[in-house]
Every structure is written in structure tokens, then in C-alpha cells.
Amino acid sequence: MTSYLVRLLCFLLMACFINFSISAQTISGTVKNSKTGEAMPFANVFVNNTTIGSTTDVNGKYLISGNLPRNIELVASFVGYETETKSFSLAGTNKLDFKLEPLESMLSEVELKTRRDKKWERDLRRFQDVFLAVPDDPLVSQLEIKNPWVLDFETIKESGPNYVHATAQEPLQIVNDALGYDVTYYLKDYRFYNNRSSYVGFVFFDPKDISDSTKLAITEANQETSYVGSIRHLLKSILLSKSATENFEIFQVLPSDMLRKRTNIYTEELDKSINLVNPDSIRRMPLKNGNYRVFWPNDAEIHYKGKRWRNDYYSDIYYPVSWISAPLGYFDIDRNGIPVVPSQVVLSGYMGRQRMGRLLPHDYVPSESFEKYLAEVDSSQLEYQRWNNLREKPYFTTHKPYYYPGETVWLGGQMLYQNKVMSDTLSRVLYLDLMNEDAEIIQTESFFTQIGKISGAFVIPKELESGDYFIRAYTEWMRNYPEKDFFVRALPVLKKEENIKAVAISNPDLFGDLMINLKDSVFFRDSFKEIEFRVSFLDETEELTDVEFMVSLTDADMVSTVANQKTLINAMDWLDEKQAPANLALGQHQIEYGITVEGQFTRDKKRDPYVNPITLVRDDLADYGIVETDSSGYFRATGLNFTDSATLSIAALDAKQKHYGSVELGVKTKPLFRGPYPKISYETYPRVNDELRFDISGDYILLEEFVKEDEKIETMEERNYGYGTPDREIGEDRLATITPSALAGYFGFKQGGKSIGNFNFGFKVPNALLIIDGASYPFLDDVSFDALMSSFIPSELESIKVYTLNSAVFGMAGAGGVIMITTKKGQRSETAEQTAFNSEGFQQFRIRGFSRDIPFPTKMEDDQAVELKPTLFWDANAESKDGVYTFNVKIPQVLKRVNLRVEGLTKDGLAFEKTFEVEVK
């Protein structure tokens with residue numbers, strides 16, 4: 001035998017010996033009570049995040065053997081004792097003993113269950129979404145926490161923002177039928193913030209014994225699906241220099257340009273906001289403990305092309321996109337690509353979807369082919385989410401619970417959205433119907449909703465008979481959804497000589513999430529009293545927190561409290577509805593951004609085109625717009641903004657501005673009411689003559705306003721030509737240095753046009769309205785728009801202001817957004833003179849606008865007599881400042897008692913409602 005063969009044989013024998021010694025590695029030791037030193041039989045000892053584990057025998061001894069990883073985190077646990085861990089590297093002899101500390105107190109299962117309330121149930125649902133699986137994961141139905149009652153939640157506030165903290169008295173027992181494991185999870189820390197969450201613990205996987213071959217194949221496919229495209233898959237491919245062949249692309253996210261708005265077009269963003277990274281440039285350094293340190297390129301965007309995936313971020317690619325950052329600039333991984341310290345890696349996007357339900361044990365060995373993976377999104381659930389994401393529902397309260405004929409009803413509230421991100425895309429018009437017990441509509445109102453806020457008023461007809469009426473509220477878009485989404489509120493109308501017997505005030509339990517305190521101070525004047533009310537809002541940590549709410553102050557002897565009123569707290573239950581209807585198809589009702597008209601155009605001659613431009617003019621050029629018909633002649637225009645009524649002139653104009661054809665406006669229908677209608681129980685009693693006082697608009701004594709002296713007279717330009725505050729603005733200093741491309745990014749132009757903002761499906765919006773030194777240039781085509789914009793040199797401009805959310809005031813012309821430019825030479829003190837509108841050839845229609853504004857009066861002269869009134873104060877858009885809201889109100893000397901009611905939402909989205917009864921001393 002040659003010396004080479006001898007050396008080769010020795011090497012092979014050594015390799016076999018090494019492999020055998022590794023596979024034969026064992027860990028042994030004992031588990032004892034730290035207080036008594038007694039052995040603890042049947043204690044659990046396992047390698048964290050694996051299927052490798054054992055239990056102690058009657059003498060407290062354990063033995064673990066098998067194909068063990070080099071670096072081990074060993075966990076020992078026993079019910080009623082603190083869990084203990086030890087981290088070490090395998091050596092020749094691996095003997096580790098544990099001494100477990102007894103827990104000071106343990107509650108029984110019965111005691112734990114009896115402590116659970118609605119707040120705990122809400123926290124549990126949120127915990128399951130964060131911990132187990134995202135709602136649209138098809139594995140959700142195969143996951144279950146068998147003992148959720150061991151969880152306890154509390155809200156913590158330290159130096160930073162509040163967060164919900166969870167602890168578990170015992171290990172969580174989780175059944176994962178999808179991946180084929182019974183999981184024991186020892187929760188160490190769970191934190192839920194408004195926009196992020198984290199959890200840490202020790203986990204043991206006990207593989208299920210699956211004998212059915214079909215079920216086994218599905219389980220293995222689910223396991224492979226969970227691995228493919230995961231962070232573990234990516235990091236292992238980087239470690240082996242195979243990320244490109246494994247279908248990963250890595251991009252560095254470039255620092256954001258505040259003057260450029262990032263688009264959702266991948267090809268547009270490449271080399272502008274993201275740069276492709278060569279995987280070989282990612283440095284990997286081996287460590288002495290057998291792990292590897294990966295130096296990460298700041299924030300990185302990861303594209304995995306190995307599977308198709310719905311993409312919510314880019315509109316032109318159809319595979320998973322993730323984002324990975326390393327706060328330390330690096331992270332350590334083991335040989336399998338598993339992060340050693342998970343907190344070193346921050347995930348979002350596709351990889352951030354993985355929860356406990358998708359977690360595989362560290363000793364899981366993936367397939368090399370990746371041919372078995374299954375769908376990761378329940379298609380029916382995805383379809384439901386798309387349908388549900390566009391749902392909206394109004395909620396409002398009225399300034400008091402019942403009324404009399406001729407009184408004014410003030411109301412305030414907000415739109416609720418299943419997906420708040422869509423709030424600026426959904427309806428701006430709310431319809432309100434006053435209806436009787438026979439579901440007959442008595443009167444109809446419409447109100448503009450500004451950034452989801454509802455406020456308005458209407459007058460009950462003087463001749464209306466007493467009875468149990470109700471208000472129905474809805475948007476045109478809501479008619480595509482179940483009728484139960486419509487909001488209904490009881491509105492009793494009493495005879496003028498009767499009142500309702502008051503019931504005791506009953507405030508809902510806020511479970512310590514919010515404390516609302518009231519302090520009042522009374523000041524005596526010559527003929528009246530003045531009260532200052534100070535309402536403060538404190539969160540569960542007794543820190544002041546800001547809220548948005550409605551507040552009413554009523555005379556407790558004139559306005560009685562009524563039982564079983566609808567509240568915002570009840571309305572919020574709608575957000576938790578998860579029952580999908582049988583039919584998810586949307587109807588033909590469209591989103592409205594203002595007063596909307598639709599109609600039919602009829603051609604005069606056969607040679608007239610099928611698609612025609614329709615010009616609409618409101619009154620004498622107060623607003624105008626141009627929309628196109630479809631091939632059938634149908635047209636629709638939305639975005640008109642006016643109150644009461646207006647004359648709308650409509651015509652189709654040819655290139656020579658001559659009218660042709662004819663138009664007919666459609667009649668807006670009302671939805672049917674199928675019930676049930678809301679009704680509240682109450683008992684009435686006769687009023688005496690001196691109690692006959694009513695809430696009639698224009699007849700109030702309320703909050704005193706302060707008038708500023710020597711107020712500066714603003715120019716039209718300083719007042720934005722009367723159009724209000726823009727959504728964003730760029731001044732002279734920045735304009736002096738900005739590049740044209742950065743300026744275009746600042747405008748936020750949508751792809752394929754010059755419109756800005758958010759719009760609904762299929763709604764064709766015009767290019768942005770240009771206002772230059774007060775002169776308007778609406779409905780420009782792309783060529784004219786570009787020509788006008790390119791005529792300006794940024795350094796010669798005074799300012800540029802952009803309107804998107806606040807563009808409703810500009811009417812139809814502002815539907816595509818508004819750009820207001822002020823040049824250094826052209827500032828105006830008055831608006832540009834408008835040419836009178838020639839309506840010859842136009843068909844004219846009288847259309848109704850929004851209900852007129854009836855403001856709750858906010859001023860009273862000192863010498864004005866103060867009389868008794870049912871309602872003393874009302875604010876539909878109250879906002880606290882640093883957690884406090886203060887207002888003053890003047891009242892007559894004889895007033896004895898008032899009720900102050902607040903209802904709204906905290907900045908964290910918690911609904912609240914409370915009524916205070918205050919004696920005027």
C-alpha cells in the first residue's frame with residue numbers, strides 16, 4: 001500500500017471518527033429545587049428553538065443526545081418554577097446542572113379565568129394577530145393557543161411611548177397542525193406599540209406523529225412554504241454565496257429626498273431611491289464560536305423572485321418585497337442562517353409577516369428543490385380584505401337626546417374606516433335622512449366630511465307631529481355594502497308641553513384605560529354667572545393624553561338623561577366584524593368628493609363622436625369643469641362644493657365652442673330601509689309654562705370670544721387668495737437652490753399625468769389646477785400644463801403651495817390637486833377679474849348643494865341679557881391641548897344644575913364617553 005493511500009485511509013477514518021463523535025454528542029445533568037436541593041423528576045430540558053429535548057427521571061437526571069448544534073442554549077423548566085437557561089459550546093464532556101427557583105405565587109386556572117374582562121379579550125385578539133399569524137394567513141385556522149388564560153396584559157409607560165406588555169404565568173401550549181408541531185412557548189417579553197411589536201421567549205417543538213400520507217405531504221409542503229423566501233433562507237444563501245441563484249436581489253435604500261415623493265413604480269425608483277447591491281460585497285466574518293458576523297448595508301430592500309406574491313408596495317412587480325435593517329450595522333448568524341440575537345435584525349414587508357405559526361425549529365432541514373410550497377395567502381380571505389378595506393361607516397351624536405318641533409339639531413362625529421389608510425380616498429359627502437316609524441323620509445340633508453370629521457345641523461320642521469323618529473346616515477359608496485353599515489340613531493320629537501323623565505346617569509367602564517376629570521370654577525357677575533370648565537384626560541399611566549371629541553353642556557332641569565343611547569364605544573364594535581358576506585361584488589355606486597351630478601348625453605347627428613367633452617358651469621363661473629362621456633353617453637362630475645342650491649349650466653362644446661347635442665340629468669335615488677329602526681324607551685310628564693324653552697338657532701348665549709386689537713390687514717396673497725391653509729409649502733430660500741427634478745418630486749405628480757392626491761377607482765381627474773399670482777388656469781392638457789410650468793425659473797418665485805386633502809374648496813377644477821404659485825413680481829392684493837359667463841346654448845338645471853351651515857353661536861355682549869336655555873354649549877370638533885380642554889360659558893343666576901357630556905377618541909384610537917352632573921353653587 002502506498003504512503004498516499006495510507007494517508008488517505010487515515011484521513012477518512014479520522015473524518016468518520018469526527019462525524020461519529022459529533023453525532024454521538026450528549027448533554028447530561030440534573031435539575032434540582034434551589035431552595036431544598038431535592039431532585040425534580042419530570043422537569044423539561046430542551047435545546048431552545050429545536051425538537052431536541054428530554055425530561056428528568058425520578059432522580060432528577062436528564063440525558064440529551066443526537067445531532068446537536070455546536071452552540072447551544074439549553075432550557076430547563078417546571079410548572080411553578082422560574083425557567084432557567086444556559087448557553088455553551090459543545091466540548092468533550094457536556095454536563096450541566098440546573099437549580100430552579102420556586103415562583104412566589106401561582107394563581108389557579110379558575111382564578112386566572114375570572115380575572116379576564118373585555119380589555120383582556122381585546123388585548124388577547126391583538127396578541128394572537130401579532131404572535132400567531134397575520135389574519136390573511138391560511139394557517140390561522142390550524143393554530144390555537146390551548147391555555148390563553150395564563151396571559152396577563154398591562155400598559156407600561158416609561159421614558160418613551162406607552163406599550164402593552166404581556167406576561168404568562170405558565171408556558172403557552174400551542175397546537176400547530178399546519179406545520180405538524182405541538183409547541184411549548186415560554187414567553188419572556190412581549191411588547192405592543194402603536195406601529196410595531198416584539199416578543200421573546202424559549203420554544204420547544206414536539207413533532208406530531210402523522211401516519212396519513214396525504215396529510216404528511218401537506219404538512220411538509222407547509223413547512224417548505226414557510227422556509228422559502230424567509231430571513232433564514234436569505235441569510236443562509238448569503239453565507240453560501242448563493243443569494244442570486246436562490247432568486248434573491250438585495251437593494252440598498254438610499255437616504256430620502258424630502259423634496260421628492262417616492263412612487264410605487266419599481267422601474268421609476270431603481271437608481272433613485274434604491275440601488276442594487278452585489279451580494280459578494282456583503283462582508284461575512286467567521287467568529288471563534290463557529291458563528292458568522294454579517295456586516296449589513298444600512299437599510300436594505302429584498303426582492304425574492306422565487307414565488308409570485310401580491311404586492312402592496314410596487315404596482316409593476318409581482319413577487320415578495322421585504323426590508324431589513326441592522327441597528328448595530330451587523331448581526332450574527334449560525335451556519336443555518338439563523339440570527340443568533342433576533343433583536344439585531346429588524347424586518348418589515350413580506351419577511352415581517354412571519355409569526356409563530358410559520359416558525360420552524362432550528363434543526364429543520366429544508367429541501368433543495370423547493371417544489372412543494374403552497375399558497376401563503378388565503379385567496380378568499382384576501383378577496384374579503386380587499387372588499388373590507390374600502391368599507392366606511394359614519395357615527396355621530398347629537399347635542400341632546402330628544403327634540404321639539406322647530407328646534408335645531410346640531411350633530412358631530414367621525415367616519416369610521418376598516419382600513420384607516422384609505423380614509424383620504426373614500427367619501428367626502430354624507431347623506432342624512434330624518435325618517436318616521438313608517439320609514440318615510442321627512443327631510444334629507446347632506447354634509448361635507450373634512451378629513452373624516454362630521455359636523456353640521458338641521459332644523460326640525462315646525463309643523464312636525466310628535467313621535468319616535470330616527471336619523472339614517474350613509475354615503476353613496478356605502479350603498480355597495482350591506483345595509484347594516486348604515487348608521488341609524490333614534491330621535492324622539494316631543495310635544496312642546498311635555499318632557500322626558502330623567503334616568504340616572506350611567507357611564508361606561510373604561511377599564512382604567514382612560515380617566516376623565518372635570519374641574520369647574522364659578523365667577524359671579526352683575527346679572528349672570530360665568531363658569532370655567534376644565535376637562536383633563538389621563539391615560540392608564542396617569543399621564544395627560546390628547547383626544548378629539550364632541551362636548552355638550554345642557555341644563556339638567558330642562559334636558560333629561562335618556563337610557564340606552566348609542567355611543568361611539570358601541571360603534572367601534574363594527575371594526576371587529578370579520579364575517580364575510582356570500583357576495584363580495586361591489587355595485588355601481590361611486591365615491592363622491594363633493595356634490596355630484598350624472599346624466600346622459602344624446603347626439604344630434606350620427607357624425608358626432610361617441611365620446612364627448614361635457615362642460616359644466618356653476619352659476620356665473622363660480623366653478624366649472626369638463627368631463628368626458630363614455631361611449632354610451634353617460635357622464636359624471638363630482639367635486640362641486642356649495643350650500644343651498646345653484647344653477648348648473650351644461651353643454652357639449654366642439655372645437656369652435658359651439659354647443660351640440662342635449663343632456664339629461666339622472667335622478668338620485670334613495671336606498672330602501674328594511675329596518676329595524678332604532679327606538680329608545682322613555683316616559684314623559686307635562687311641563688309647566690315657565691319651562692317651555694327651546695333650542696332655536698340664532699338665539700344662544702355661549703362662549704365669549706376675544707377680539708384682537710390692531711390686527712394687521714392681510715393681503716389676498718397672504719390669505720392664499722381666500723383658499724385656506726395648504727397641505728405643504730416651499731419658500732423663497734429653498735426655491736433659490738432646488739433643481740427642476742426635485743421640484744417635480746415635491747409636487748408629487750401621479751404617474752402618467754399631472755394630478756396629485758388620492759382618488760378612487762376609475763375616476764378620471766384633471767391635471768392639477770394652477771393658480772399663478774391669484775389667476776386660475778384650470779383643466780389644462782398635458783402640453784399646456786408643461787409649457788406653463790416650464791416657463792418659470794424657481795429662483796424667481798416667492799412661494800409654491802400645494803393642496804391635496806384641502807382641495808375641495810376649489811370645486812371641480814381642484815379634483816386633481818392644486819398648485820398655487822406666487823412670483824416675486826406678480827403679487828396681487830385682489831383676485832383676478834373674472835369674465836361674465838355667457839350661458840347661451842347651455843341647458844340649465846337647478847341642483848341642491850350641501851345643507852347650509854348653522855353655527856352654534858360663540859359670542860355674546862357683556863350687556864346682553866342671559867336667559868335660560870336647554871343647551872348652553874356645543875363643540876362638535878373639540879380637541880385637547882396637552883391633554884386639557886377648557887371653555888367658559890355664561891349662565892343665568894337661577895341655573896342650578898348642568899350636565900356636561902364628552903364623547904370621542906384618544907390619539908391611540910380608544911373610544912370614550914362620559915357624562916358629568918355639575919351643581920352650580
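Summary of values
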quantity	calculated
Residue in region 814-827 that is in contact with a Leu (Cβ under 7 Å, 6 or more places away or on another chain) and at pLDDT below 70 present	no
When residues of region 581-603 are limited to those that are touching an Asp or Glu at 6+ places or on another chain (Cβ under 8 Å) and more than 15 Å from Gly666 (Cβ to Cβ), the one modelled with the highest pLDDT	Ile591
Check on Ser536, among the small types (Gly, Ala, Ser) and at pLDDT below 95	no
Breaking point among (1) over 21 Å from Ala878 (Cβ atoms); (2) of a type in the set (A, V, I, L, M); (3) surrounded by 21 or more Cβ atoms within 10 Å (Cβ to Cβ), for Ala457	(1)
Members of region 620-630 that are modelled with pLDDT of 90 or more and out of contact with any Pro (no Cβ under 9 Å at 6 or more places or on another chain)	Asp630
Members of region 238-290 found to be of a type in the set (Val, Ile, Thr) and in contact with a Lys or Arg (Cβ under 8 Å, 6 or more places away or on another chain), listed by number	Ile238
Boolean, Leu411 is assigned to a strand (DSSP E or B) and touching a His at 6+ places or on another chain (Cβ under 9 Å)	yes
Leu235 being assigned by TED's automatic domain parsing to the domain that holds Ile317 and at pLDDT 90 or above	yes
Search result, residues across region 467-491 that are surrounded by fewer than 19 Cβ atoms within 10 Å (Cβ to Cβ) and under 21 Å from Asn564 (Cα atoms)	Gly467, Asp468, Lys484
Residues (out of contact with any strand residue (DSSP E or B) (no Cβ under 7 Å at 6 or more places or on another chain) and under 24 Å from Val150 (Cα atoms)) located in region 47-80	Val79
Members of region 513-547 found to be among the acidic types (Asp, Glu), loosely packed, with under 12 Cβ neighbours inside 10 Å and more than 20 Å from Gly904 (Cβ to Cβ), listed by number	Asp526
Considering residues of region 534-586 that are within 30 Å of Arg693 (Cα to Cα) and of a type in the set (Val, Ile, Thr) only, the residue nearest to the chain's Cα centre (by Cα)	Thr567
Hits in region 265-313 (condition: polar (S, T, N, Q) and either under 24 Å from Pro327 (Cβ atoms) or surrounded by fewer than 15 Cβ atoms within 10 Å (Cβ to Cβ) (or both))	Thr267, Ser273, Asn275, Asn278, Ser281, Asn289, Asn291, Asn298
Residues of region 247-278 satisfying the condition of being assigned to a strand (DSSP E or B) and under 18 Å from Ser348 (Cα atoms)	Phe248, Glu249, Ile250, Phe251, Gln252, Val253, Ile274
Phe470 in the same structural domain as Asp573 (by TED's automatic domain parsing), among the hydrophobic types (A, V, I, L, M, F, W, C) and either touching a Lys or Arg at 6+ places or on another chain (Cβ under 9 Å) or at pLDDT 95 or above (or both)	yes
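The values are calculated or read from the model by the stated rules, or taken from the named source; none is laboratory data. Because the structure is a prediction, the values reported are computed rather than measured. All Cβ positions, even for glycine, are placed from backbone atoms using ideal geometry, and neighbour counts span all protein chains on display.
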